[in-house]
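Accompanying notes for the structure given below.
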Amino acid sequence: PDLNMYEIEIIAEINHAPRLSDKDIVAAAASYRDSGANVIDLGCIPGESWQRAGDVTQILRDAGFRVSIDSFDRAEVELAVAAGAELVLSCNGTNLAWAADLDAELVAIPDSPVDGDSLAHTVDILNERGKRFRIDPILEPIGFGFAASLSRYFDARRRWPDIEIMMGIGNVTELSEAD
């Protein structure tokens with residue numbers, strides 16, 4: 001069957017991008033695009049600052065890729081956005097003060113997966129500022145709150161019916177053990 005007819009946007013993350021060569025990043029991006037990805041996400045490393053985030057974003061943009069950056073590090077994010085990253089994963093109470101000034105779409109998340117009030121606060125501020133954003137209530141791994149997280153998605157859709165939702169399924173596919 002033809003699986004090309006869909007209304008969702010697929011974002012494929014290159015995990016630990018700072019540890020890869022430019023050649024390996026471009027090859028991974030091409031593979032993901034060939035497999036159906038619409039946006040290539042540069043997954044950064046928490047606690048580290050990648051000074052080449054902008055350079056690599058530019059390399060991917062020059063090769064025709066749409067790019068997002070997955071980081072809470074201000075320097076990484078600003079470098080990537082300046083070079084053409086169109087989406088920032090993610091924005092919450094910890095970085096809202098500066099992330100809301102970026103010229104990119106944001107992914108609004110709660111400060112912790114179970115803190116719906118913090119997601120509501122972030123949504124309110126982003127709406128007040130007229131920012132482009134989507135919400136991600138955070139999908140938890142199976143055995144670690146998966147069912148409750150599905151309920152949070154349902155609640156978020158009911159509360160904000162007109163705001164785009166992102167569901168990061170990597171928490172299920174990458175963080176679940178399988179025989």
Summing Lys, Arg as +1 and Asp, Glu as -1, what charge do residues with Cβ under 11 Å from the Cβ of Ile14 carry, Ile14 excluded? -3
According to a simple spin-label model (label point 7 Å from Cα along Cα-to-Cβ), what is the distance in nm between Asp24 and Thr173? 2.0 nm
Glu13's amide H: which non-local residues (gap 5+, or another chain) put their own amide H closer than 5 Å, with H modeled 1.01 Å from N in plane and none for Pro or chain starts? Asp41
I need the per residue convex hull volume for the chain, using only the alpha carbons, in cubic angstrom as a whole number. 144 Å³
Rank-order 150-161, 44-55 by packing density, defined as the average count of other C-beta atoms within 10 Å over each peptide's residues, highest first. 44-55, 150-161
What Kirkwood hydrodynamic radius do you get for the range 106-149 when you take the inverse of the mean 1/r over all pairs of distinct Cα atoms, in Å? 11.0 Å
³J(HN,Hα) across the range 125-133 via Karplus (A = 6.51, B = -1.76, C = 1.60, θ = phi - 60°), whole Hz, x for Gly/Pro? 5, 5, 5, 4, 7, x, 7, 7, 7
What is the percent carbon and sulfur in the accessible area of the chain, measuring with a 1.4 Å probe over the protein chains and ignoring ligands? 52 percent
Obtain the radius of gyration and the Kirkwood radius of the range 24-95 from its C-alpha atoms and give Rg over Rh. 0.96
Mind telling me which of Val88, Val77, Val26 comes out most flexible in a GNM of the chain, alpha-carbon contacts under 10 Å? Val26
Arrange the peptides 56-65, 130-139 so that the one whose residues have, on average, the most other Cβ atoms within 10 Å appears first. 130-139, 56-65
Using DSSP to call loops (not H, G, I, E or B), can you name the GluC sites (Glu not before Pro) in the range 127-179 whose Cβ has at most 12 other Cβ atoms within 10 angstrom? Glu174, Glu177
Considering only protein heavy atoms, what per residue accessible area in square angstrom results for the chain with a 1.4 angstrom probe? 55 Å²
Rg/Rg_globular for the range 93-177, with Rg_globular taken as 2.2 N^0.38 Å and Rg from C-alpha atoms: 1.10
Could you order Val123, Val81 by accessible surface area, starting with the largest, using a probe radius of 1.4 Å? Val81, Val123
What residues have an amide H closer than 5 Å to that of Phe133, excluding those fewer than 5 places away on the same chain, when H is modeled at 1.01 Å from N in the peptide plane? Leu106
When the scattering of the range 1-50 is computed by the Debye formula from its Cα atoms alone, each counted once and equally, what is log10 I(q)/I(0) at q = 0.19, 0.20, 0.25 Å⁻¹? -0.65, -0.70, -0.92
What residues qualify as long-range amide H neighbours of Val67, i.e. H under 5 Å apart, gap of 5 or more or another chain, H built at 1.01 Å from N? Ile40, Glu86
Report the full-extension gain for the segment Asp55 to Glu164: residue separation times 0.36 nm, less the Cα-Cα distance, to one decimal in nm. 36.3 nm
Accessible surface, 1.4 Å probe, highest first, among residues Thr173, Thr122: Thr173, Thr122
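The values are calculated or read from the model by the stated rules, or taken from the named source; none is laboratory data. Keep in mind that what you see is a predicted model, and the values were worked out from it rather than measured. Cβ coordinates were reconstructed from backbone atoms using ideal geometry, including for glycine residues, and neighbour counts include every protein chain displayed. All accessible areas refer to the heavy atoms of the entire protein, side chains included, with ligands and DNA or RNA removed. Shrake-Rupley method; radii C 1.70, N 1.55, O 1.52, S 1.80 Å.
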